[in-house]
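Have a look at the structure below before the remarks.
The values are calculated or read from the model by the stated rules, or taken from the named source; none is laboratory data. Quick caveat: nothing in here was measured; it's all calculated off a predicted structure. Methodologically, a virtual Cβ is constructed for each residue, glycine included, from the backbone with ideal geometry; neighbour enumeration extends over all protein chains shown. In case anyone asks, the SASA skips ligands and DNA or RNA and just uses the protein heavy atoms, side chains included. Shrake-Rupley method; radii C 1.70, N 1.55, O 1.52, S 1.80 Å.
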Amino acid sequence: MPIPILFLDRDGTLIAEPPDTYQVDSLEKLRLMPGVIQNLLKIKHSTEFRWVIVTNQDGLGTPSFPEETFWPAQQKMIEIFEGEGIVFHEVIIDRTFKHEQAPTRKPGTALLQHYFSPDYDLANSFVIGDRPTDVQLAKNLGAKAILYGRSADSQDNDVDWSSLRGTLALETRDWAEIAAFLIEHQAGSRYARVQRDTRETSIDIHLDLDGSGREALNTGLGFFDHMLNQLAKHGGLDLGVEVQGDLHIDEHHTIEDTALALGEAVRKALGDKRGIRRYGFWSLPMDEARADAALDFSGRPWLVWNAAIPRERVGDFPVEMAEHFFKSFCDAAGCNLHMRIEGRNAHHMIEASFKAFARALRMACERLPGETEVPSTKGVL
């Protein structure tokens, strides 16, 4: 079974980072972060993570940071953790300066290539650190990120936060909150990441079925982003969607391939579907419009679409692509979806359809207390 990893930053996460030099270059400067040992022990006793330290140590071995000032504190830190029963599988140290832009330096993954292996479960792994570059590392690995506190270091201000929101699973200043989150996550994670690359599109989707409606959306189509926002909010999903599509041709491939990748992500996140409600249905109004959605995660893809939407476009979104989005989603997710939409305003009709679908999806994916069986007389879906 693939092993999930906790990739742990060192300075500012496991131990305090001196605000003047950012170097722990003496034993006197070595100080553990509050609660780190007791909460790492909770994680150890309740999860199956393997632990790896990944740290940038700018110029280690150069006159600005001699090795003899680094290793005593480093070894003492390892001894303290091991004395409490906390053992790290590997310690990975990059010695380069930021201006060198080395692929070995976080958020680069050159020193972590051996973790891109079927032996490791990167989709359910986490990077824990105090800088945006730690979140970027998680994205580069296909993992999720936990941002612990905030580093006082301003050198990471050039990181594009908007592209990282779908990767960030938790932001906290409390190791107890990290431990509780990771224990709950591994007890019942329904997270999936799907990357789909074709000659027409490049798509990266992060999905957590048990989210809180957080989203980070960039498809290149404003109205489509607005609809996916409705899906995240009303579906109770944490959803990150990053798309580079051939919009110079038209919108078709971007919308179709996003739906296929999203459907695949839902299918992966549901796993064998044990304990879920399976069926979801919802009806809702939006001003003069009304949308009804009935959904079954049967494993058999089918779409029944009853809608006559006026106009050819809503903003930058071709109206005909609404039906095609849901058809593509059903094909990839393996679900049966019936939708009926009434109204006069095209914007209202399409938005109502996404909201009704989101609510039906949320209902169908719900895990029923005490249920452990596949919801089918066949025993498989």
Nearest 10 degrees, 0 to 90: helix 132-141 Cα axis against the chain principal axis: 60 degrees
Dipole moment magnitude, nearest 20 debye, the stretch 46-174 about Cα centre, only Lys, Arg, Asp, Glu C-beta charged: 340 debye
From the coordinates shown, mean projected area of the Cα convex hull in nm² corresponds to which of (i) 24.2; (ii) 20.8; (iii) 25.6: (ii)
Per residue solvent-accessible surface (Å²) - the chain, probe of 1.4 Å: 45 Å²
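As an exercise, identify the GluC sites (Glu not before Pro) in the stretch 335-381 lying in DSSP coil whose Cβ has no more than 10 other Cβ atoms within 10 Å. Let's see the in-between values first.
Details: sites: E342, E351, E366, E371, E373; in loops: E366, E371, E373.
Filter output for the stretch 335-381: E373.
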GNM top mover of A232, A192, A102 - the chain, alpha-carbon springs below 10 Å: A102
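Once R0 is set to 56 Å, what does the formula 1/(1 + (r/R0)^6) return for the Cβ-Cβ distance between H338 and I3, expressed as a FRET efficiency to the nearest 0.05?
About 0.85, to the nearest 0.05.
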Share, in percent, of DSSP beta bridges within the stretch 252-381 that are antiparallel, nearest 5: 75 percent
Percent carbon-and-sulfur accessible area, the stretch 190-307, ignoring ligands, DNA and RNA, probe 1.4 Å: 46 percent
DSSP-loop GluC sites (Glu not before Pro) across the stretch 185-268, with at most 15 other Cβ within 10 angstrom: E200
Mean-position separation - Cα centroids, the stretch 330-381 and the stretch 209-253, in angstrom: 17 Å
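Carbon and sulfur atoms: what percent of the 1.4 Å accessible area of the stretch 1-97 do they account for?
Numbers: 2460 of 4530 Å².
The nonpolar share, carbon plus sulfur, comes to 54 percent.
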Coarse-grained scattering of the stretch 256-302 at q = 0.19, 0.30, 0.31 Å⁻¹, given as base-10 log I(q)/I(0) from a Debye sum over alpha-carbon atoms: -0.80, -1.11, -1.13
Within the accessible area of the stretch 331-381 (1.4 Å probe), percent carbon and sulfur: 45 percent
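Antiparallel versus total DSSP beta bridges in the stretch 188-284: what percent is that, nearest 5?
Working: 15 of 19 bridges.
Percent antiparallel among DSSP bridges in the stretch 188-284 is about 80.
Answer rounded, prolate or oblate for the stretch 1-135, using the Cα gyration tensor with square roots of eigenvalues a ≥ b ≥ c: rounded when a/c is under 1.5, else prolate when a/b is larger than b/c, else oblate. Write down the numbers at each step before the final one.
On the way: a/c = 1.99, a/b = 1.21, b/c = 1.64.
Oblate, since a/c reaches 1.5 and b/c is not below a/b.
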Per-pair calculated FRET efficiency, R0 = 35 Å: E312 and K378 via Cβ, rounded to 0.05: 0.25
Among S283, S162, S328, residue whose mean-square fluctuation peaks in a GNM of the chain (springs only between Cα atoms under 10 Å): S162
Trypsin sites (Lys or Arg not before Pro) lying in DSSP loop within the stretch 287-318, provided at most 15 other Cβ fall within 10 Å: R311
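Considering only the chain, what is the antiparallel percent among its DSSP beta bridges, to the nearest 5? Spell out each step's value before the answer.
Working: 35 of 67 bridges.
Of those bridges, close to 50 percent are antiparallel.
Could you give the length gained by full extension between S26 and E184, i.e. 0.36 nm per residue of separation minus their alpha carbon distance, to one decimal place?
Working: separation 158, 0.36 × 158 = 56.88 nm, distance 3.72 nm.
The span from S26 to E184 would gain 53.2 nm if fully extended.
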Contact order relative to length of the chain, as percent, for alpha carbon pairs under 8 angstrom and 6 or more apart: 13 percent
Cα-based shape type of the stretch 1-59, given that a ≥ b ≥ c are square roots of the gyration tensor eigenvalues and the cut on a/c is 1.5: oblate
Computed over the stretch 188-263: relative contact order in percent, which uses C-alpha pairs under 8 Å that are six or more apart: 35 percent
Prolate/oblate/rounded call for the stretch 279-381, Cα gyration tensor, a/c under 1.5 rounded: prolate
